[in-house]
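The values are calculated or read from the model by the stated rules, or taken from the named source; none is laboratory data. All of these numbers come straight from a predicted model, not from anything done at the bench. Cβ: placed from backbone, ideal geometry, glycine included. Neighbour counts: every protein chain shown. The protein model used for the area step is the full one, side chains on, heavy atoms only, and it has no ligands, DNA or RNA in it. Shrake-Rupley method; radii C 1.70, N 1.55, O 1.52, S 1.80 Å.
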Amino acid sequence: MIKIKTACGYKINVNLDITTTLASGYHNIDSMFLRLQKGDQLEFEVAADETQLSSGDWNKCLDLLQVEDQGEDSGLKAPKLQISAGDDLATEDNTYFAEQVKMLQRFSADNLVLKAWRYCRKLLELSLWRRVLLQFEEVLDEQQQILHKAAAAENPDLLNRVINYCRQSAHNLGPQQLDTVAVLCDLWQELNAGQVYKLIALLQKPCTFYLTKNIPLQSGLGAGSFDAAAVFKLIYAAMQAVSADDNGYKLPPYKDFYSCFDLENVAYQIGADVPFALLDDVAVARVEGIGENILPLAYKVPAAVPKADVDGQTDTLQTEIPENKLYFIVVMANYTMDTKLAYKLYDQKQKENKKLPRPDKHYGSDFSKVREYFFAKKFNLLSEAAQNTFTDLMLQVHPDYADFLVELKKCPQAEFVTMTGSGSACVLFFSDYGKREEAWNYYHNLQLQGKELLPGVKIMWVEKAESVPYASLGE
């Protein structure tokens, strides 16, 4: 049995502008995303296949087609998802979040974790079967040809079954997914028959995901998308475990794996925030489109940082890199906002050709200044440049949310306060750890004592958060 777990992480938006409504119903955005540590926890459990094959026994792989013939609804393939609340959300007096977790459990079949598993699995399995097919087609010498002919004589339709399976599977995929399959197949070119057999068998085994929710729903922190991205990481870690051989062969690094996937297709098929979550080494980025156009602005340390050399060729620099880490408090009060509702309100306002009401001197963010102030840690200036379209939409549903924001901005230690994502959580920025701790004690005590921040406004959840350590790419 293979058991692997990971902290999924989550994100905050320094700014977030809706720029366009597309004909598809999706929306283009322009936002600075910042990756935070910890978040939800996801564990993957799957049985490992103990079959031992010789490195050249490709015919044995074909036995696994019998499992494929049972279809997607067979018990062998249906994954399970068990959801529980983390300690911060599972307190006895916090019935609000208890109900959230119950809702997730009731609708677990639609959870992004299972959606990501189905997406990832179908592309992985087809790419591995293409690897098997290529092995049969690319006969390297006369001896191999004789062996393959002998196998075909015993079971003449062996190759036809592989070809038909690949054709049928590919028929339901779009061009972007077929490109992903082809790139993944190239990634497996060094695998032998025994390794490919184990990987296909792994994807056919019954598996279970255990999701521990530490981040509330409808917080605007992208936790569901980061949970989905964690599926890719856990599946690949399991693949690395079963494919390791006695000669010390290892699958390529995780970055090579997730780089195979088309980010636009991932955004449309799973979720708009999943592409950024998937780019595990990116700490800060400008995200545009529906979430697929990602310009890295800072990488996680100690990951290698791309840098152009003197000849203009891309090289990597992995030397002494100054470590940056930022500190935050995330506060969620008794407000909720469904993202779909927020976008619907936005579209209604656009149709009415009315500007969203706000007291600011200008509408929309100045991204160049957002970037400048953020990396200079001049957080007190961010309010001049960073906007969030969803704040206006939140005020349409909860007008008194404005009072909540004003109250948080009175925090003497905080340098910048903003709503993140589509809400309803707010983020307080601190460049100094000590000041963050002072503010944390105040808000945490309010939550513990059940006191209201304002009349009718109660803190439902408050979290100390930290960015992943990062190294900026500069201008």
Among the residues of segment 106-144, which ones are modelled with pLDDT of 95 or more and of a type in the set (S, T, N, Q)?
Ser127
Looking at segment 209-229, can you tell me whether even one residue there is at pLDDT below 85 and small (Gly, Ala, Ser)?
no
Count - residues of segment 98-127 that are touching a Cys at 6+ places or on another chain (Cβ under 7 Å) and among the aliphatic types (A, V, I, L, M):
1
Residue list for segment 195-222, restricted to those being in contact with a Phe, Trp or Tyr (Cβ under 9 Å, 6 or more places away or on another chain), under 25 Å from Gly291 (Cα atoms) and open to solvent by less than 10 Å² (accessible area, probe 1.4 Å):
Ile215, Pro216, Ser219, Leu221
Can you tell me which of Lys233, Lys198 is charged (D, E, K, R), farther than 19 Å from Arg131 by Cβ and touching a helix residue (DSSP H, G or I) at 6+ places or on another chain (Cβ under 8 Å)?
Lys233
Please work out if Gly86 is at pLDDT below 75 and open to solvent by less than 60 Å² (accessible area, probe 1.4 Å).
no
Counted residues, segment 10-56 - those being open to solvent by 10 Å² or more (accessible area, probe 1.4 Å), closer than 30 Å to Tyr249 by Cα and at pLDDT 95 or above:
3
Could you tell me which residue of segment 414-450 is farthest from Leu36 (Cα to Cα), considering only residues that are open to solvent by 20 Å² or more (accessible area, probe 1.4 Å) and hydroxyl-bearing (Ser, Thr, Tyr)?
Tyr442
What helices (runs of 4 or more DSSP H) completely inside segment 242-334 contain at least 1 residues that are surrounded by fewer than 20 Cβ atoms within 10 Å (Cβ to Cβ), of a type in the set (Asp, Glu) and modelled with pLDDT of 95 or more?
254-258, 263-269
Taking the condition of being in contact (Cβ under 8 Å) with a residue 60 or more places away in the chain and either closer than 15 Å to Val274 by Cα or of a type in the set (Ser, Thr, Tyr) (or both), how many residues in segment 107-132 meet it?
10
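Evaluate the following for Lys233: is it open to solvent by 50 Å² or more (accessible area, probe 1.4 Å) and under 16 Å from the mean Cα position of the chain (by Cα)?
In short, yes.
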